There are 2 protein chains.
Amino acid sequence: MDALPGTLGTSASVALRLGQAIFSVTSLLFMCLDVPFYSYTAFCFLVSVMGLVMAWSLTLAMVDAFSVLIKRPVRQPGIISVVVLGDWVLSFLSLAASCSTASATDYLLRHSSPFCDGTLCTRYQLSATMAFLSWSLILASALFNLWLLAYL
Amino acid sequence: MDALPGTLGTSASVALRLGQAIFSVTSLLFMCLDVPFYSYTAFCFLVSVMGLVMAWSLTLAMVDAFSVLIKRPVRQPGIISVVVLGDWVLSFLSLAASCSTASATDYLLRHSSPFCDGTLCTRYQLSATMAFLSWSLILASALFNLWLLAYL
């Protein structure tokens with residue numbers, strides 16, 4: 001079980017974490033740059049959650065990269081439990097944020113709200129899509145690490 | 001591992017499944033009875049997902065009750081894999097549906113929409129809450145069964 005790709009301390013995990021960080025940063029950029037996102041609860045929620053995901057994924061990407069460099073994957077059940085718990089909580093939060101944003105954007109589009117001027121609503125949609133992609137990668141990390149934890 | 005409460009074919013699982021069915025039916029009743037829910041994508045999504053959850057949970061409650069009666073819990077990895085997969089998919093769908101509904105309701109309330117006349121928006125909120133409670137019970141079932149699957 002030590003070499004299962006995608007678990008903490010492997011190079012596949014570095015790739016997953018970097019993917020999560022990239023998608024969350026893209027989602028934040030689409031939502032925050034020059035957009036009045038604070039007008040809606042759902043958009044504020046997305047920004048908070050994507051900020052958390054970015055910090056979490058970058059930190060774990062560094063831990064993973066260090067583990068790969070010194071060739072000693074982390075196998076302490078305590079540490080893996082914390083990572084699994086964090087991954088699951090963030091996966092639920094990011095799914096919730098992306099669906100809330102998609103739902104609010106759908107409402108704005110349907111009612112031709114002034115908040116949808118120009119390409120604003122396309123940007124909300126792209127932001128929700130990026131958050132969804134970030135969720136799918138966090139879920140992959142969470143599943144790999146949970147599987148590893150069950151074997152330890 | 002055979003006696004882990006909450007896994008397929010135990011009396012705790014019957015209770016979890018009945019709880020899921022009750023919450024999903026309550027959510028459907030709040031949303032559907034005399035309410036124009038088909039005006040919004042998020043509300044239609046909630047109704048579809050809660051319908052699925054109701055059917056799934058009632059079916060598995062009957063399977064569990066039968067297993068408890070004949071005192072032979074299901075332990076075939078194939079069957080448990082299907083149940084785990086279904087539980088996970090439904091858990092993500094019900095979280096997504098409840099968050100989308102909550103987000104759309106928040107928008108309706110904030111803009112004093114005519115769709116919020118009387119107690120309508122309170123009913124949407126109650127429906128989203130029931131879907132959220134149903135999600136938490138499906139997640140519990142999914143986790144117990146995934147844990148069992150990892151040991152089989």
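FYI, it's all coordinate maths here, none of it is from the lab. Owing to the predicted nature of the structure, the values given are computational and were not obtained by experimental measurement. We place every Cβ from the backbone using ideal geometry, glycine too, and count neighbours over all the protein chains shown.
Laid out as a table, the results:
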item	result
Filtered residue count, segment B:4-35, keeping only those that are farther than 11 Å from B:Ser141 by Cβ and within 14 Å of chain A (Cβ to nearest Cβ)	1
Sole residue being more than 13 Å from the chain's Cα centre (by Cα), among the β-branched types (Val, Ile, Thr) and within 14 Å of another protein chain (Cβ to nearest Cβ), chosen from A:Thr119, A:Thr105	A:Thr105
Set B:Asp87, B:Asp64: member being among the acidic types (Asp, Glu), in contact with a helix residue (DSSP H, G or I) (Cβ under 7 Å, 6 or more places away or on another chain), more than 14 Å from every other protein chain (Cβ to nearest Cβ) and crowded, with 22+ Cβ neighbours inside 10 Å	B:Asp64
Selection count where residues are within 30 Å of A:Arg72 (Cα to Cα) and buried (at least 16 other Cβ atoms within 10 Å of the Cβ), scope segment A:13-48	12
